[in-house]
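Below is one structure, written out as C-alpha cells; comments come after it.
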Amino acid sequence: MGKTIVISLVSILVLHLFGIGLDLYHVIWWYDIPMHIFGGAWVTLLFFHFFCQTFLIVDFKKILPAIIITLGFVALVGVLWEFYEYLSDVYILKVHALYYAPNPITLPDTMKDLLDDLIGGTIASAILFARSKKSNPEQ
C-alpha cells in the first residue's frame with residue numbers, strides 16, 4: 001500500500017501543479033471537484049496505512065465505527081486544507097500582490113470542497129473495506 005500512497009500523491013501533486021500553472025481552477029469550473037475527491041481518497045489511504053494497519057487502531061470487524069473515524073480524519077485534513085487555501089489567498093497572495101483571485105473564497109465553495117473530500121474518503125473506504133473482507137473472510 002505504501003507504493004500506492006506515493007504514486008497517488010505524486011499524481012495529485014502533478015494535477016494540482018498543472019491546475020495552478022495553466023489556471024485550470026479558474027478556466028474549468030469543475031476542476032477542483034475531482035481534485036478534492038482524489039485528495040479525500042488519498043487521505044483515506046494514508047489513514048488506513050498508518051492508523052489501521054500500522055497502529056491497529058481501527059478494528060475492521062466493526063465497519064461503521066471504522067468508517068466514521070476514517071471520515072472524521074478526512075474531514076479534519078479537508079478543513080486544514082481549506083484554512084490553508086484561505087490564508088494563502090487572503091494573506092499571502094493578495095497582500096503581497098502576487099495574485100488576484102477572480103472568485104473570492106465563499107462559504108458554499110468551502111462546503112462543496114469539504115463534501116467532495118468526504119465523497120472521496122467514502123469511496124476509498126468502501127473499496128478498502130471490501131478488499132479487507134476478501135483478504136480476511138472470517139470478518
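Points to keep in mind about this one:
- Scanning region 58-77 finds one or more residues that are at pLDDT 65 or above and not in a helix (DSSP H, G or I).
- Scanning region 86-139 for residues that are of a type in the set (Ser, Thr, Tyr) and at pLDDT 80 or above yields a count of 4.
The values are calculated or read from the model by the stated rules, or taken from the named source; none is laboratory data. Here the structure is a predicted model, which is why all the values come from computation and not from measurement.
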